[in-house]
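See below for the structure under consideration.
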Amino acid sequence: MDEFTIVIEDPADEGIRIDKYLATALPEKSRSHYQKAIDNGLVLVNGKNVKSKYQTRIGDEILVSIEPLKEIDILPEDIPIEILYEDGDVIVVNKPKGMVVHPAPGHYSGTLVNALMFHCKDSLSGINGEIRPGIVHRIDMNTTGSLLVCKNDKAHNDIAAQIKVHSVNRIYKGIVLGNFKDEEGTINAPIGRNPKDRKKMAVVPNGRDAVTHFKVLEQFKGYSYVEFKLETGRTHQIRVHMSHIGHPLLGDDVYGKPVKNLIGQTLHAQTLGFIQPTTGQYVEVNAPLPAYFEDLLAKYRKM
């Protein structure tokens, strides 16, 4: 474990959230990495544990413990992928259920990145490092649908900027438990780490702003087919928000209940709209509902 000590001396470095400051001062790791390190007690300020929201002060002595980088060979793999759109800057794929987006402990092969490295060769952006080449946003392992990948750093920066200002059009379809009184609505509830289970997200007072718009498309006996439009893109946002209002996604084994013969939540990233980085033209891509999803709808329509 490598240790770094930083002393805050410059007034310009005062009053900054500790996680944000560390991501700038020690850029070899991401802000989310430092948030996890803080949660795990690997960051001490003046010898004491702090929270990510702690703001730096002149004279602070920050001790940071960082695990040394491990060399991991991420290899291209000839895994079939469904391409919905492709040009010289970006590629949009239809991610299947059960596929992990990028390598992580326990999943160094069989991921979408392995497949993309085979398909795109050396044409993937490098901003997120060799573990996540081309990856500018993610969807959960058991969520299906449209995922945008960048082929070069210019495109990556451009798309990342669009995501940051919430201008990327992202529309999901899902089946949730229960029925609604209102045909549409908006959930505006901050999301952060669940204080009782750090592996989960939750609606918490000090979380990050999260806004989900929803529209009920069909209602069945005990279930509803719903469209979601994301205004923000927090981790597990739709799943957390729907569970929060008492309508967890069908099959969600983290925020709801597992369903026999169904792998994970019934959620599909259908529409993805963005400004093409080179031409400046609006591009919209739609991923068809997967067969299992269509079968469920057909089943509930007969109930």
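The values are calculated or read from the model by the stated rules, or taken from the named source; none is laboratory data. Only a predicted model underlies this, so the values are computations on that prediction, with no experimental measurement involved. No Cβ is skipped: glycine too gets one built from the backbone with ideal geometry, and neighbour counts run over all protein chains shown. Calculation scope for accessible area: heavy atoms of the full protein, side chains included, ligands and nucleic acids excluded. Shrake-Rupley method; radii C 1.70, N 1.55, O 1.52, S 1.80 Å.
Residue by residue, here is whether (1) β-branched (Val, Ile, Thr); (2) under 30 Å from Gly88 (Cβ atoms); (3) over 20 Å from the mean Cα position of the chain (by Cα) holds:
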{"site": "Leu250", "(1), (2), (3)": "no, no, no"}
{"site": "Asn261", "(1), (2), (3)": "no, no, yes"}
{"site": "Thr278", "(1), (2), (3)": "yes, yes, yes"}
{"site": "Pro288", "(1), (2), (3)": "no, yes, yes"}
{"site": "Asp295", "(1), (2), (3)": "no, no, yes"}
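Counting only residues that are of a type in the set (A, V, I, L, M, F, W, C) and either modelled with pLDDT of 85 or more or within 20 Å of Glu82 (Cβ to Cβ) (or both), give me the strands (runs of 3 or more DSSP E) lying completely in the range 103-206 with at least 2 of them. Show your work before the answer.
Details: elements: 144-150, 169-177, 184-188, 191-194, 197-203.
Passing ranges, in order: 144-150, 169-177, 197-203.
Would you mention how many residues in the range 12-33 are touching a helix residue (DSSP H, G or I) at 6+ places or on another chain (Cβ under 6 Å) and of a type in the set (Gly, Ala, Ser)?
Residues that pass the stated criteria total 1.
Contact list please: Cβ distance under 7 Å, first residue in the range 1-30 and free of Cβ contacts under 8 Å to residues at least 40 places away in the same chain, second residue of a type in the set (A, V, I, L, M) and assigned to a strand (DSSP E or B), pairs at least six apart or on different chains.
Taking only residues 6 or more apart or on different chains, the pairs are Ala25/Ile6; Lys29/Ile66.
Return only the number of the condition from (1) of a type in the set (A, V, I, L, M, F, W, C); (2) open to solvent by less than 30 Å² (accessible area, probe 1.4 Å); (3) under 27 Å from Gly251 (Cβ atoms) that Cys120 does not satisfy.
Condition (3) is where Cys120 drops out.
For His268, all conditions in the list (1) outside any strand (DSSP E or B); (2) of a type outside the set (A, V, I, L, M); (3) surrounded by 21 or more Cβ atoms within 10 Å (Cβ to Cβ) hold save one; what is the number of the exception?
Looking at each condition in turn, His268 falls short on (1).
Starting from the range 192-216, take each residue that is within 16 Å of His247 (Cα to Cα) and touching a residue at least 12 places away in the same chain (Cβ under 8 Å) and list its partners that are surrounded by fewer than 15 Cβ atoms within 10 Å (Cβ to Cβ) and among the β-branched types (Val, Ile, Thr), counting only C-beta distances under 6 angstrom and pairs at least six apart or across chains.
His213/Thr186
Any idea which residue in the range 61-78 is farthest from Thr144 (Cα to Cα), counting only those that are modelled with pLDDT of 85 or more and crowded, with 18+ Cβ neighbours inside 10 Å?
Selected residue: Ile62.
Lys229 - would you say it is open to solvent by 20 Å² or more (accessible area, probe 1.4 Å) and over 23 Å from Asn286 (Cα atoms)?
Numbers: open to solvent by 20 Å² or more (accessible area, probe 1.4 Å): yes; over 23 Å from Asn286 (Cα atoms): no.
No; evaluated as a whole, the condition is false for this residue.
Which residues, counting only those in the range 6-41, are assigned to a loop (DSSP other than H, G, I, E, B) and either under 24 Å from the mean Cα position of the chain (by Cα) or among the basic types (Lys, Arg) (or both)? Break it down stepwise before answering.
Of the residues in the range 6-41, the ones assigned to a loop (DSSP other than H, G, I, E, B) are 8-10, 14-16, 26-30, 40-41.
If the condition is that a residue be assigned to a loop (DSSP other than H, G, I, E, B) and either under 24 Å from the mean Cα position of the chain (by Cα) or among the basic types (Lys, Arg) (or both), then Leu26, Pro27, Glu28, Lys29, Ser30, Asn40 are the ones that fit.
What is the one condition in (1) over 30 Å from Gly126 (Cβ atoms); (2) assigned to a strand (DSSP E or B) that Ile58 does not satisfy?
The one condition Ile58 does not meet is (2).
Starting from the range 247-268, keep only residues that are under 24 Å from Lys215 (Cα atoms), then list their pairs with residues that are of a type in the set (Asp, Glu) and assigned to a loop (DSSP other than H, G, I, E, B) whose Cβ atoms are within a distance under 6 Å, requiring at least 6 positions of separation or different chains.
Hits for this filter: Gln265/Asp252.
Looking only at the range 82-99, count every residue that is out of contact with any Leu (no Cβ under 7 Å at 6 or more places or on another chain) and more than 16 Å from Thr266 (Cα to Cα) and tell me the total.
Residues meeting the conditions: 9.
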